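Report on one structure; see the data block that follows.
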Amino acid sequence: MHAPSTTAPRPIWRDPRAHALLLAATLNIMTNATVSPALPGLAGEFADAPDTALLLPLLVSAPSLTVALAAPFCGAAVDRWGRRPLLVLGVVLFALVGTAGLVLPTLGGILASRFLLGLPMALIMTAQTALLGDIYAGEARGRFSSYQFAAINWGGFVFIMLASTLAGQSARLPFAVYALPLLFAPFMWRVLAGAEVPGRRPAAGTAGEGRRGWAFVVAVAAGGQILTGALFFLMPTQIPFAAEVRGLDGAATTGLVLGTLMLAGGVGALGAQPLRMRFGRAATMALGFAAMGAGFAALAGAATGPAMALAGAAIGAGFGTVSPHFVTLALDAAPAARRGMTAGIVTMSMYLGRFLSPFGSEPMIAAHGFAVTYDATAVVFAVFAVCAAAAGAAHLVARES
């Protein structure tokens, strides 16, 4: 195995290793949200099945539980057996399991396949995140992390638009989208040869044992990502039903709102690193949280598809601005020999928030409705913004004193 360069020998956009990792990153949103436009059609198909109202939102979030449970173990496996083979294995299994919803005859069977989908996704995300830490360091790592979240959002836009179009013809056809990653696997295998840090050799520019107190930093990043992801996932799990309650076409409005959200999220992610370089991490995260709060406040009163889409744009831009910082905060702190495990923890937190989201939102919506739920979410993000701004101000004062 070749010893990797820890900084890109060419611009990231010309590095085939980066292309492979970005392709893997696009599967993040595909895992959950691609099925969202199919929910109204599946509700009609399984109208007589027990507990349909509870099970349908779980089709979106179910893979997240498996990812959350499996990611730390997958991270350890990635450290032990290598990033590249487990990444490509995960991609192949992802395509095979994801397309099962095309043919499974029962809602319970589809839900079981959705839970199983989380296992290959855990392999993909832990291996991909560890490779990010192996290949890039310092400013290049932060820049690539922003590109990664842009790819997640823009890939999500493509997949959701495709799934929305297919859902208009049949509620089962969106599951065919999950076959697309098979096209990526040979390219990933070829260009990622020799890309990972061998053994326990640390990446250049990082301490061999990581930052002092690195485990606490990783835990803080993971906790923040759980809370943020749980609130953000009100969008793909509840937008189809919020649209129908407001008298709108569920499938079409879902495609419009989530598509706009993904596009704006990509823009926010690309802006995350320049904002961080200019204003610092805490201030940048405060801006992102404030945008999400404003978006949810607007969503509470939105009565048309375009109004909901504009609110979604603010939410997406804010989420794209915030999300890369959770990953880079953890990777910057962790030692090279623990990057796989750190990637597993970061991945676990990302998906645990997604899975928990319906369990918090469903009772709230049932008791108070969508508008109150969105308003309450806006208040929470406003509090997050104030806390992030205060943390940034305290850090600035401490540095100058």
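The values are calculated or read from the model by the stated rules, or taken from the named source; none is laboratory data. The shown structure was predicted, so the numbers you read here are calculated from the model rather than taken from an experiment. With ideal geometry, Cβ positions are generated from the backbone for all residues, glycine too; neighbour counts draw on all protein chains shown. Each accessible area value is taken on the protein alone, full model and side chains, heavy atoms only, with ligands, DNA and RNA left out. Shrake-Rupley method; radii C 1.70, N 1.55, O 1.52, S 1.80 Å.
Couple of notes before you dig in:
- For segment 104-119, the count of residues that are farther than 29 Å from Leu55 by Cα, touching a residue at least 40 places away in the same chain (Cβ under 8 Å) and either open to solvent by less than 10 Å² (accessible area, probe 1.4 Å) or among the basic types (Lys, Arg) (or both) is zero.
- From the list Thr165, Thr99, Thr126, the lone residue that is of a type outside the set (Asp, Glu), more than 21 Å from the chain's Cα centre (by Cα) and either crowded, with 24+ Cβ neighbours inside 10 Å or over 25 Å from Gly318 (Cβ atoms) (or both) is Thr165.
- Tally of residues being of a type in the set (Ser, Thr, Tyr) and modelled with pLDDT of 85 or more across segment 148-176: 2
- Among the residues making up segment 73-83, those that are out of contact with any Lys or Arg (no Cβ under 9 Å at 6 or more places or on another chain) and more than 10 Å from Leu123 (Cα to Cα) are Ala76, Arg80, Trp81, Gly82.
- Counting only residues that are open to solvent by 10 Å² or more (accessible area, probe 1.4 Å), out of contact with any Ser or Thr (no Cβ under 7 Å at 6 or more places or on another chain), part of a helix (DSSP H, G or I) and not aliphatic (A, V, I, L, M), segment 304-363 holds 9 of them.
- Matching residues, segment 247-267, being part of a helix (DSSP H, G or I) and either of a type in the set (Val, Ile, Thr) or over 19 Å from Met161 (Cβ atoms) (or both): Thr253, Thr254, Val257, Thr260, Val267
- Among residues of segment 45-75, those that are without any contact (Cβ under 8 Å) to a residue 60 or more places away in the chain and more than 25 Å from the chain's Cα centre (by Cα), counted: 6
- Any hit, segment 76-85, residues being more than 28 Å from Trp13 (Cβ to Cβ), open to solvent by less than 50 Å² (accessible area, probe 1.4 Å), part of a helix (DSSP H, G or I) and touching a residue at least 12 places away in the same chain (Cβ under 8 Å): yes
- Checking each residue in segment 246-294 for being modelled with pLDDT of 90 or more and of a type in the set (Lys, Arg) picks out only Arg246.
- Close Cβ contacts (under 8 Å, 6 or more residues apart or on different chains) running from residues in segment 318-340 that are closer than 18 Å to Asp134 by Cβ and in contact (Cβ under 8 Å) with a residue 12 or more places away in the chain to residues that are assigned to a loop (DSSP other than H, G, I, E, B) and open to solvent by less than 10 Å² (accessible area, probe 1.4 Å) comprise Ala336/Ala203.
- Of note, Ala291 satisfies the criterion of being surrounded by 21 or more Cβ atoms within 10 Å (Cβ to Cβ) and under 30 Å from Gly133 (Cα atoms).
- Within segment 233-256, considering residues that are among the aliphatic types (A, V, I, L, M) and open to solvent by less than 10 Å² (accessible area, probe 1.4 Å), the one farthest from Gly168 (Cα to Cα): Leu234
- For segment 43-65, the set of residues classified as open to solvent by 70 Å² or more (accessible area, probe 1.4 Å) and in a helix (DSSP H, G or I) consists of Glu45, Ala53, Leu54, listed by residue number.
- When Arg141, Arg190 are screened for being open to solvent by 40 Å² or more (accessible area, probe 1.4 Å), assigned to a helix (DSSP H, G or I) and charged (D, E, K, R), only Arg190 passes.
- For the condition open to solvent by less than 20 Å² (accessible area, probe 1.4 Å), assigned to a helix (DSSP H, G or I), under 24 Å from Ile345 (Cα atoms) and in contact (Cβ under 8 Å) with a residue 40 or more places away in the chain, Gly90 does not qualify.
- Checked against (1) within 19 Å of the chain's Cα centre (by Cα); (2) more than 21 Å from Trp214 (Cβ to Cβ); (3) open to solvent by 30 Å² or more (accessible area, probe 1.4 Å), Phe296 meets all criteria but (3).
- Segment 163-176 residues that are in contact (Cβ under 8 Å) with a residue 40 or more places away in the chain and of a type in the set (Phe, Trp, Tyr), paired with ones that are open to solvent by 20 Å² or more (accessible area, probe 1.4 Å) and outside any loop (DSSP other than H, G, I, E, B) (beta carbon under 8 Å, 6 or more apart): Phe175/Thr99; Phe175/Ala100; Phe175/Leu102
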